[in-house]
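So the structure is just underneath, and the comments pick up after that.
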Amino acid sequence: MKCVLTTLFLILAALAEAQSVTLAWNPSPSPGVCDYRLYFGTSSRAYPFVTNCGLVRTQTVALPHTGRWFFAATV
């Protein structure tokens, strides 16, 4: 099946003390979803980190340092 790239969400998390964060998202309404990818970084729309989540819709991410982080999930 072919995956269709769809942005599911984009959130800003201000994490003053956190070393990790757990994110969850709703399932994509698109048929034929193969997997979800979670992107994150310290600037909006600039995500040097990516995690392939498979079909799981929650992910705990260990953050390299504290501060402000941006996240996006796609299929």
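The values are calculated or read from the model by the stated rules, or taken from the named source; none is laboratory data. Quantities reported herein were computed from a predicted structural model and do not represent experimental measurements. All Cβ positions, even for glycine, are placed from backbone atoms using ideal geometry, and neighbour counts span all protein chains on display. Accessible surface areas use protein heavy atoms only, side chains included; no ligands, DNA or RNA. Shrake-Rupley method; radii C 1.70, N 1.55, O 1.52, S 1.80 Å.
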Neighbours by Cβ (under 8 Å, 6+ apart or cross-chain): first from segment 35-53, closer than 11 Å to THR74 by Cβ and among the acidic types (Asp, Glu); second open to solvent by 40 Å² or more (accessible area, probe 1.4 Å) and assigned to a strand (DSSP E or B):
ASP35/ASN52
So which residues in segment 45-73 are among the hydroxyl-bearing types (Ser, Thr, Tyr) and at pLDDT 90 or above?
TYR47, THR51, THR58, THR60
In segment 61-71, which residues are open to solvent by 10 Å² or more (accessible area, probe 1.4 Å), in contact with a Leu (Cβ under 8 Å, 6 or more places away or on another chain) and in a strand (DSSP E or B)?
GLY67, ARG68, PHE70
Out of segment 20-57, which residues are assigned to a strand (DSSP E or B), among the hydrophobic types (A, V, I, L, M, F, W, C) and open to solvent by 60 Å² or more (accessible area, probe 1.4 Å)?
ALA24, PHE49, VAL50
